[in-house]
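What follows is a short report on a single structure.
The values are calculated or read from the model by the stated rules, or taken from the named source; none is laboratory data. All of these numbers come straight from a predicted model, not from anything done at the bench. Positions of Cβ are generated from backbone atoms using ideal geometry, with glycine treated the same way; all protein chains shown enter the neighbour counts. SASA here: full protein model, heavy atoms, side chains in, ligands and nucleic acids out. Shrake-Rupley method; radii C 1.70, N 1.55, O 1.52, S 1.80 Å.
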Amino acid sequence: MNQNQQQQSSDGRHDDDAAHSDFLASLMDYTPTIPDELVEHYLAKSGFQCPDVRLIRLVAVATQKFVSEVASDALQYATQLFLYHFIM
């Protein structure tokens, strides 16, 4: 790898690190739908202990996204089923 490629690689890594740091910092200002205490309870129940609130909020955001996608898929399926029975 030449020096130019190394410089680009380290710049890309620095940009990724900065983006991750900004994202984690923004989690401190975000209030997820799923309370931190509930996430901590279920993480502790599964054997996971973490004092970092940012990680707890990250899990809450991921859980919220998952539940939202499941609900959206269920709505689409129910709508299609309703339309199928309505047309038949």
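By how many degrees, between 0 and 90 and to the nearest 10, does the Cα long axis of helix 36-45 differ from the longest principal axis of the chain?
Taking Cα atoms only, the helix is inclined about 90 degrees.
Taking only protein heavy atoms and a 1.4 Å probe, what accessible area per residue, in Å², does the chain have with all protein chains in place?
Dividing the accessible area of the chain by its residue count gives 83 Å².
Please report, as a whole percent, how much of the solvent-accessible surface of the chain comes from carbon and sulfur atoms (probe radius 1.4 Å).
Result for the chain: 59 percent of the exposed heavy-atom area is carbon or sulfur.
So how tilted is helix 53-87 from the main axis of the chain? Cα-based, degrees 0 to 90, rounded to 10.
That works out to roughly 30 degrees.
For a quick check of understanding: with a 1.4 angstrom probe and all protein chains in place, what accessible area in square angstrom does Val59 have, to the nearest ten?
50
Can you figure out the FRET efficiency of Asp29 with Asp52, using R₀ = 22 Å and their beta-carbon distance, to the nearest 0.05?
E between Asp29 and Asp52, to the nearest 0.05, is 0.90.
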